[in-house]
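The values are calculated or read from the model by the stated rules, or taken from the named source; none is laboratory data. Computed from a predicted structure; not experimentally measured. Neighbour counts are summed over all protein chains in view; Cβ atoms, including those assigned to glycine, are modelled from backbone coordinates with ideal geometry. SASA here: full protein model, heavy atoms, side chains in, ligands and nucleic acids out. Shrake-Rupley method; radii C 1.70, N 1.55, O 1.52, S 1.80 Å.
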Amino acid sequence: MKNKYFRFLASAIILIMFSAESKSEVKESFENKSRNVYIAGCWQFISTNISSTSPIEGKYSVNTSALSSLNKPCTLVTPWYHTDEAGVVTFKTKLSNYSSKGSQIVEVTLVQPQNATGSNLLTYTYKSAAVADLSVNIPAGTYYLIFNWYGEGTNYSAYLDEVVFAGEYFSDITSGKGGSCSALPEKETVKDDDKDGVPNDVDAFPASPDVSFVNYYPAGNVFSSIGFEDLWPSKGDYDFNDIVVDFNLAFLTDKDNNISRIDAKVVLRAVGASFRNGFAFQLMGIKPESVIEVSGNHLVHDIMKLNANGTEAGEKWLTVGVFDNCFDILKHPGVGIGINTEPDKPFVTPDTLEVSVVFKQNGVFGGGLPVKYSDLIANSKFFNPFIFVNGVRGKEVHLADNAPTDHVDPAFLGKGDDTSNPALGRYYKTEKNLPWALSLPQSFDYPIERVIISDAYLNFVSWGLSKGAKNQDWFMDKAGNRNTNKIMPHK
Amino acid sequence: MKAFLLFVLLSGLFFSCVKDNFEPVDQTDNKATDVFFDSKFDWASTNNVEVNIAGIPGGPSIVTKLEFKTLEGQKLFEGFFYVNENITLNLVTLPTTNKLVMQFGQLTDTLSVSNGKASFSFVEPEN
């Protein structure tokens, strides 16, 4: 008996849920005092306003000007709505006062895309100052309503409130304001092959529900560079060419702006040293368990200990090793100090490593932990690239004031020429506040071996002394910026 | 002896009051390793621009594509957002970028960047 009762109850609940879903409606109570909010939402007011003088319900209602003309109406135009089946629009209206000497009416006109002139649904003559509950029948389809109020004989105004529309809101707010908004495209005309809710015409991957958009760091089709000095914690020669990597990160996101995959292109362009350095990056704010898989990197010397998903083990934030020995990636030509840092030595063509970090596969997030791209970039230091020097994992070199990872050997911090002070958030700066690494928003034309950067880039010191205010384009190939004799030719 | 000591003392006072005639050194001609830089400078060659979009309060849940580009057409951001939500984004730009082109559904607007911030509101301010 109990079972039957529960089955009946469950069926009833499901039935109620479905019937509620099929009979969608939108209620507008005009409870925001700003008319501009409604205008932004595609309502149009002509001799009408939002008023708190004598609201029908709540604190505010729509209020007309004095109804003293039978020719010039006070008007309220609604946004577009859409109903799949015929329905009803209900509303409450009243006059501010009533006198039999006057005459006040409200007309409701239906406008549909196929009937732009509209058809009258209701003409109601107010018979008292009491609230009237009125309704009009709406055919299936896309529509909006025009409320026109007319009057003569008195200066009374009318109020409107609690309008309940059949169907769903269907104005394209981004198409205009007030009466200039267009309707959204009819659903059957919107193509969405992967059914992820993102129409094909704006979906970068219309056949894949896991990805819809691509965000590039630093920007589309642009490679950034980082040049490192690798003698940390001792000062180097400040040519910033001990390791030079170009990179471009593509963050592929889904319809909810969650990261589905990161495709990192990394180009090791120069090795101006003899140390077997590795390169990695950390993404601050992303937990390693969010990742399903890391692939495409070159870690063969067991310097980084990895989790099963390919992220580095023992790190709070996602850390991805790209390579653990630069000489595996860029082969030494047999002559010279390093690789691609001396113009008279053979040039070695760099390879591009394509590292992929997968967060979402077949609709499932790694560790059940979606990461919003907008949340990630909210931290301006979210991308934390670094080298680890000569096979020593704990000897990390980062950009100035970027924190080291959990694997740094704290014995190096604040030693030698380094003045890092974790308590102050100060990292990787000398006593004179010089960094051990520089990041540029374009591919770096780095100095020739042992040329201090300020000899190659003539406005570097000015830029630094002005704290970045002057000579912001110091690295660009513009007149007065460079001593090209001291810069490695870009190949 | 007293006169000599007095002479030395007065001479010291006189020379200590003589204004230095040294011209300020243009440190920008120096090597990077010769000068002190500000301890707060982080050597970033890019800027971060905080973009705030005020949605329509209580407005409908319409979701559409939001995109930011530079005036030169370089894409900085894209995603799918509700027009009734307030949105805050942190975009990486060149230091010289002072305008952002926003495309939100059918709406295109150019936002000015000032002090690292840019903003847009669907709702016009009240008069």
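Miscellaneous remarks
- Chain pair A, B: total accessible area buried, heavy atoms, 1.4 Å probe, Å²: 4900
- Calculated FRET efficiency, B:Phe36 to A:Asp477, Cβ-Cβ distance, R0 = 35 Å: about 0.75 to the nearest 0.05.
- Efficiency of FRET between A:Leu121 and B:Asn52 - r from beta-carbon atoms, R0 35 angstrom, step 0.05: 0.25
- Angle in degrees between helix A:2-22 and the longest Cα principal axis of chain A, rounded to the nearest 10: 90
- Residues in segment A:139-168 that a label on A:Asn97 would reach, taking backbone N under 16 Å of a point 7 Å out along Cα→Cβ: A:152-159
- Modelled FRET efficiency - R0 30 Å, A:Phe327 with A:Lys486, Cβ distances, 0.05 increments: 0.75
- Table column - 3J(HN,Hα) (Hz), segment A:41-56, Karplus curve with 6.51, -1.76, 1.60, x for Gly and Pro: x, 6, 8, 10, 10, 10, 6, 9, 7, 9, 9, 10, 5, 8, x, 6
- Mean separation of Cα contacts under 8 Å (6+ apart) over length of segment B:47-121, as relative contact order %: 40
- Here's how it looks for A:Ser68: its modeled amide H is under 5 Å from those of A:Gly151, which are all 5 or more places away or on a different chain.
- Label point of A:Ala204 set 7 angstrom out along Cα-Cβ; within segment A:334-362, amide nitrogens under 19 Å from it belong to A:353-362.
- Of the cross-linked pairs A:Lys429/B:Lys99; A:Lys33/A:Lys255; A:Lys33/A:Lys92; A:Lys432/B:Lys99, those separated by over 26 Å at the C-alpha level are A:Lys429/B:Lys99; A:Lys33/A:Lys255; A:Lys432/B:Lys99.
- Amide hydrogen neighbours beyond the local backbone of A:Ala400, cut-off 5 Å, H modeled: A:Trp436, A:Ala437
- For segment B:58-70, 3J(HN,Hα) per residue [Karplus equation, 6.51 cos²θ - 1.76 cosθ + 1.60, θ = phi - 60°, Hz, x = Gly/Pro]: x, x, x, 8, 9, 10, 8, 7, 10, 9, 10, 9, 7
- A:Trp80 - accessible surface, heavy atoms, 1.4 Å probe, Å² rounded to 10: 40
- In chain A, helical runs assigned H by DSSP with n ≥ 4 each contribute -39500 (n - 2.57); averaged across all residues and rounded to the nearest 500, the mean residue ellipticity at 222 nm is -2500 deg cm²/dmol.
- Residues in segment A:441-450 carry Karplus couplings, in order, of x, 8, 5, 7, 8, 6, x, 5, 3, 6 Hz; the curve used is 6.51 cos²θ - 1.76 cosθ + 1.60 with θ = phi - 60°, and Gly or Pro positions show x.
- Projecting the Cα positions of A:Val198, A:Ser100, A:His332 onto the charge dipole of chain A (unit charges on Cβ atoms of Lys, Arg, Asp and Glu, taken about the Cα centre) puts A:Ser100 furthest along the positive direction.
- About the Cα centre, charge dipole magnitude for chain A (Lys/Arg +1, Asp/Glu -1 at Cβ), debye: 1340
- Farthest towards the positive end of the charge dipole of chain A, among the residues A:Asn63, A:Ile303, A:Leu458, is the Cα of A:Asn63, using unit charges on the Cβ of Lys, Arg, Asp and Glu.
- Rolling a 1.4 angstrom probe over chain A with all protein chains present gives an accessible area of which 51% lies on carbon and sulfur atoms.
- Over 20 Å apart at the Cα level, from the set A:Lys287/A:Lys372; A:Lys177/B:Lys117; A:Lys316/A:Lys395; A:Lys287/A:Lys395, are A:Lys177/B:Lys117; A:Lys287/A:Lys395.
- Cut-off 16 Å, label 7 Å out along Cα→Cβ of A:Asp351, residues of segment A:218-249 by amide N: A:246
- Length gained when the stretch A:Glu186-A:Glu293 is fully extended (0.36 nm per residue, less Cα-Cα span): 34.5 nm
- Ordering of A:185-195, A:276-286, A:381-391 by burial proxy (mean other Cβ atoms within 10 Å per residue, highest first): A:276-286, A:381-391, A:185-195
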